[in-house]
Amino acid sequence: MAELKIRKRALVVEEIFHEGGPAPDTPLLRGAALAVITNPFAGRYEPDIQWFMDHLRPLGLDMAQKLAEALGGAERVEGYGKASLVGAGGELEHGALWHAPGGYAMREVLSGTKAIVPSSKKIGGMGARLDVPVTHVNASYVRSHFDSMEIGLNDAPRSDEMLVALVMTTGPRIHSRSGGLDASAIKGEDGLR
């Protein structure tokens with residue numbers, strides 16, 4: 001088994017004051033934690049890859065903790081998502097290995113979240129960008145929290161690397177007015193409503 005090799009990490013926080021309308025009392029924070037890691041399966045097909053998720057779990061937990069802290073604490077987080085960008089020497093399935101470690105890490109740090117953590121993944125070269133979908137942490141049908149954050153780094157992923165990311169937000173989109181289930185009406189029974 002190969003150990004986890006991290007080349008670099010980044011933490012980005014956007015502070016959004018308005019989207020053309022009046023500024024809210026509290027700006028929306030949207031943040032991403034990124035890590036560029038060596039893909040131990042690059043350049044070949046491996047039938048047994050699930051073991052690598054165990055190596056990703058501590059990284060996911062550390063990234064989730066640092067991201068929540070950068071946004072003012074876990075109690076402020078209302079939206080989340082995750083993503084992976086696999087270098088050209090890998091395959092899409094390698095990026096899927098991030099789903100459980102990344103998602104469960106955020107659930108642990110945010111304690112008690114009900115909604116599934118939305119995700120995206122793709123193969124891309126250095127400088128590729130990826131949109132990370134975001135939904136409310138407790139109810140996926142809350143339209144005001146449907147969001148996304150574009151992530152990427154100019155020198156990643158290299159052919160034998162993967163870029164893994166977590167995204168969190170502190171509230172709905174600024175000026176949300178698309179209707180649907182309001183966050184105050186969440187029942188919290190099934191992660192949907």
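The values are calculated or read from the model by the stated rules, or taken from the named source; none is laboratory data. As the structure is a computational prediction, the values presented were derived from the model and not from experiment. Glycine gets a Cβ as well: all are built from the backbone with ideal geometry, and neighbour counts include every protein chain shown. Accessible surface areas use protein heavy atoms only, side chains included; no ligands, DNA or RNA. Shrake-Rupley method; radii C 1.70, N 1.55, O 1.52, S 1.80 Å.
Looking at segment 129-159, which of its residues are assigned to a loop (DSSP other than H, G, I, E, B) and either at pLDDT below 95 or surrounded by fewer than 18 Cβ atoms within 10 Å (Cβ to Cβ) (or both)?
Arg129, Asn138, Ala139, Ser140, Tyr141, Val142, Phe146, Asn154, Asp155, Ser159
When only residues in segment 160-180 that are assigned to a loop (DSSP other than H, G, I, E, B) and out of contact with any helix residue (DSSP H, G or I) (no Cβ under 9 Å at 6 or more places or on another chain) count, which is nearest to Phe17 (Cα to Cα)? Walk me through how you get there before you give the answer.
If we filter segment 160-180 for residues that are assigned to a loop (DSSP other than H, G, I, E, B), which is where we start, we get 160, 170-180.
Imposing the further condition that a residue be out of contact with any helix residue (DSSP H, G or I) (no Cβ under 9 Å at 6 or more places or on another chain) reduces the set to 160, 174-175.
Numbers: Asp160: 39, Ile174: 8, His175: 10 Å.
For segment 160-180, the residue satisfying everything is Ile174.
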Test for Arg143: is it under 18 Å from Gly81 (Cα atoms) and without any contact (Cβ under 8 Å) to a residue 40 or more places away in the chain: yes
Does Val117 count as in a strand (DSSP E or B), within 18 Å of Ala74 (Cβ to Cβ) and in contact with a Phe, Trp or Tyr (Cβ under 9 Å, 6 or more places away or on another chain)? no
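For (1) open to solvent by 10 Å² or more (accessible area, probe 1.4 Å); (2) within 20 Å of Asn154 (Cα to Cα); (3) part of a loop (DSSP other than H, G, I, E, B); (4) β-branched (Val, Ile, Thr), each residue gets a yes or a no:
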residue: Ala33; (1), (2), (3), (4): no, yes, no, no
residue: Gly43; (1), (2), (3), (4): yes, no, yes, no
residue: Leu61; (1), (2), (3), (4): yes, no, no, no
residue: Glu69; (1), (2), (3), (4): yes, no, no, no
residue: Ala83; (1), (2), (3), (4): no, yes, no, no
Only one residue in Pro172, Pro118, Pro101 is open to solvent by 20 Å² or more (accessible area, probe 1.4 Å) and under 14 Å from the mean Cα position of the chain (by Cα), so which one is that? Pro118
Note on segment 1-26: residues surrounded by 14 or more Cβ atoms within 10 Å (Cβ to Cβ), under 20 Å from the mean Cα position of the chain (by Cα) and under 18 Å from Asp147 (Cα atoms) are Val12, Val13, Ile16
Please pick out the residue among Met106, Met126 that is of a type in the set (A, V, I, L, M, F, W, C), out of contact with any Gly (no Cβ under 7 Å at 6 or more places or on another chain) and either surrounded by fewer than 16 Cβ atoms within 10 Å (Cβ to Cβ) or free of Cβ contacts under 8 Å to residues at least 40 places away in the same chain (or both). Met126
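If I ask for residues that are touching a Phe, Trp or Tyr at 6+ places or on another chain (Cβ under 7 Å) and either of a type in the set (A, V, I, L, M, F, W, C) or within 23 Å of Pro40 (Cβ to Cβ) (or both), which ones from segment 124-157 would you list? Spell out the reasoning first.
Keep residues of segment 124-157 that are touching a Phe, Trp or Tyr at 6+ places or on another chain (Cβ under 7 Å), which gives 134-135, 137.
Result: Val134, Val137.
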